[in-house]
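Novice: Quick one: the structure is below, and I'll ask about it shortly.
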Amino acid sequence: MTAAGLKSGPGGALRGTVRAPGDKSISHRSMILGALASGTTTVEGLLEGDDVLATARAMRAFGARVEQEGEGRWRIEGHGGFTEPSDVIDCGNAGTGVRLIMGAAAGFAICSTFTGDASLRGRPMGRVLDPLARMGATWLGRDKGRLPLTLKGGNLRGLQYTLPMASAQVKSAVLLAGLHAEGGVEVIEPEATRDHTERMFRAFGAEVIVEDRDGVRHIRLPEGQKLTGTHVSVPGDPSSAAFPLVAGLIVPGSEVTVEGVMLNELRTGLFTTLQEMGADLVISNVRMSSGEEVGDITARHSQLKGVVVPPERAPAMIDEYPILAVAAAFADGPTVMRGIGEMRVKESDRIALTAAGLTACGVTVEEEPEGMTVVGTRGGNHPVRGGGLVHTHGDHRIAMSHLILGLAAQQGVAVDEPGMIATSFPGFADMMRGLGGDLSEA
Ligand code: S3P
């Protein structure tokens, strides 16, 4: 992919079987836990996107030996802790990378300075720094804890922390710091978020106690847990699989299968919602891989209907609302999405950019402070016009979502900054072309 824009246009049906790229959340965690552990960790199926590669470089800077052995195959030699990096750690575009690494680094009496690209430097880090400071870490950064910032850790106290927002990144940062906190830590989660850190801690030999008390999860990491290197097989990313699958649903005559998609129920809210919209989405060949359920998902072109998405489902599909909004544009009637204020502090303000992008393509969107309603046109027999130039503000998911829309609209859609797609889905354009999609440089 080049610095030029990318455009997609309406063409024939999409057909074929593809493999989902490795899960981004699990790929970051495999690098970080591998570096913190004692001994060798081997990873297969790692997502070699820019975000994860930035985390790999960071782990080298903290003293681990990190080597690529083949496509998606990596080897990490950890020595049971972090040493002080001699230079600034640049996490690129990766919120997950920087927030989890700060949590891990806080456990050690070392000083580290973090930065990132313009998007990451604009994102709130206070949500992670607040609990870390309560545990005894100190930091100095820009207003509201924005990057660049310097963190000094070590001698941490234990903490019982109730998450003020549904964020697996914040939960994970506290758990990672808790590995070296006196008395351990307990995170209380009023709304369940993705549990990959808890699962991976167990795979690396740590004890994690999870109790459900009246629907509220209490996650306790007792003091003195040690991580030992292991093998991690990274399952396919449901957040990436969403793009070819929604394309299969909205382009007439299509049938698309994505193999090896992780089916962790804290990640599959989009698939449930699409099925409620009437999508012909079939899950088959369900199996276990490295402690996660995976399956193959087939999407066939479907007439969708608008739905009200339950707000409590938001944590299980938070990254998928832009592509859901695209599916909703082709549905019969309005799709109401509420309780999604967290979307405004992702790689971009995703509510604003989804609304702007869809509006530029002739779709009616009503934006709310913590939600949006997309008025689907299919029922009124007005096809989606398309034809917009979408400003992505460097957000990979905004770019991919609108390129999918262009495959099914009357006129094609162009996006700027397509290079950012490589942060999470480097093979996106080639995969969509392989399925028959018309994607070209704009
Ligand atoms: C992630 C958690 C989510 C998600 C992000 C990945 C993770 O962020 O949006 O893409 O790997 O823990 P929040 O924890 O901020 O909701």
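Novice: Extension gain Arg157-Arg142, at 0.36 nm per residue separation less the Cα-Cα distance, in nm? Before the final figure, lay out the partial values.
Specialist: Details: separation 15, 0.36 × 15 = 5.40 nm, distance 2.51 nm.
Answer, rounded to one decimal: 2.9 nm.
Novice: For the chain, what does the helix formula give at 222 nm: sum of -39500 (n - 2.57) over DSSP H segments with n ≥ 4, over the residue count, nearest 500 deg cm²/dmol?
Specialist: Using -39500 (n - 2.57) per qualifying helix, the result is -8500 deg cm²/dmol.
Novice: May I ask which residue of Asn285, Ser254, Val413 lies farthest towards the positive end of the charge dipole of the chain, with charges of +1 (Lys, Arg) and -1 (Asp, Glu) on Cβ and the Cα centre as origin?
Specialist: In the chain, that residue is Val413.
Novice: Which percent of the accessible area of the chain is formed by carbon and sulfur heavy atoms (probe 1.4 angstrom)?
Specialist: Numbers: 7460 of 15590 Å².
Roughly 48 percent, rounded to a whole number.
Novice: Among the trypsin sites (Lys or Arg not before Pro) in the range 187-279, which ones are in a DSSP loop with at most 16 other Cβ atoms within 10 Å of the Cβ? Mind listing them? Before the final figure, lay out the partial values.
Specialist: Values: sites: Arg194, Arg199, Arg202, Arg213, Arg217, Arg220, Lys226, Arg267; in loops: Arg194, Lys226, Arg267.
The qualifying sites are Lys226.
Novice: Report the FRET efficiency, 1/(1 + (r/R0)^6), for Met288 and Arg57, where r is their Cβ-Cβ distance and R0 is 51 Å, rounded to 0.05.
Specialist: Values: r = 32 Å, r/R0 = 0.62.
Result of the calculation: an efficiency of 0.95.
Novice: For Ala118, project a label point 7 Å along Cα to C-beta. Then give me every residue of the range 381-397 with its amide nitrogen under 20 Å of that point.
Specialist: Taking a point 7 Å out along Cα→Cβ of Ala118, the residues of the range 381-397 whose backbone N falls under 20 Å are 389-397.
Novice: Could you calculate the contour length gain from Leu389 to Ala13, that is, 0.36 nm times the residue separation minus the distance between their Cα atoms, to one decimal place in nm? All intermediate terms of the calculation are to be shown ahead of the outcome.
Specialist: On the way: separation 376, 0.36 × 376 = 135.36 nm, distance 2.34 nm.
Going from the current span to full extension adds 133.0 nm.
Novice: Any lysines with Cα under 21 Å of the Lys152 Cα? List them, leaving off those in the same chain fewer than 8 positions away.
Specialist: Cross-link targets: Lys144, Lys171.
Novice: Now a separate question. Whole percent per 10 Å bin, from 0 to the bin with the longest distance: what is P(r) over all C-alpha pairs of the range 189-287?
Specialist: 12, 35, 28, 18, 6, 0
Novice: Under a 10 Å cutoff between Cα atoms, tell me which one of Gly39, Gly388, Gly178 has the largest fluctuation in the Gaussian network model of the chain.
Specialist: Per the Cα network of the chain with a 10 Å cutoff, Gly39 tops the list.
Novice: Further, regarding this structure: Across the chain, where is the longest run that never hits GluC sites (Glu not before Pro) in a DSSP loop with at most 16 other C-beta atoms within 10 Å?
Specialist: Values: sites that count: Glu71, Glu207, Glu223, Glu265, Glu370.
With GluC sites (Glu not before Pro) excluded where exposed in loops, the chain gives 72-206 as its longest stretch.
Novice: Defining a contact as two alpha carbons under 8 Å apart and six or more residues distant in sequence, what relative contact order in percent does the chain show? The partial results should precede the final answer.
Specialist: On the way: 1164 pairs, mean separation 84.9, N = 442.
Here the relative contact order equals 19 percent.
Novice: Compute the accessible area per residue over the chain, keeping the other protein chains in place, probe 1.4 Å, unit Å². Let's see the in-between values first.
Specialist: Numbers: 15590 Å² over 442 residues.
Here the per-residue accessible area is 35 Å².
Novice: Run the simple label-point estimate for Ala352 and Arg65 please: 7 Å along Cα→C-beta, distance reported in nm.
Specialist: If labels sit at Ala352 and Arg65, their model points lie 4.8 nm apart.
The values are calculated or read from the model by the stated rules, or taken from the named source; none is laboratory data. This is a predicted model, so every value here is computed, not measured. FYI the Cβ positions are ideal-geometry reconstructions off the backbone, even for glycines, and counts take in every protein chain you see. Remember, those area values only see protein heavy atoms, side chains included, never the ligands or the DNA or RNA. Shrake-Rupley method; radii C 1.70, N 1.55, O 1.52, S 1.80 Å.
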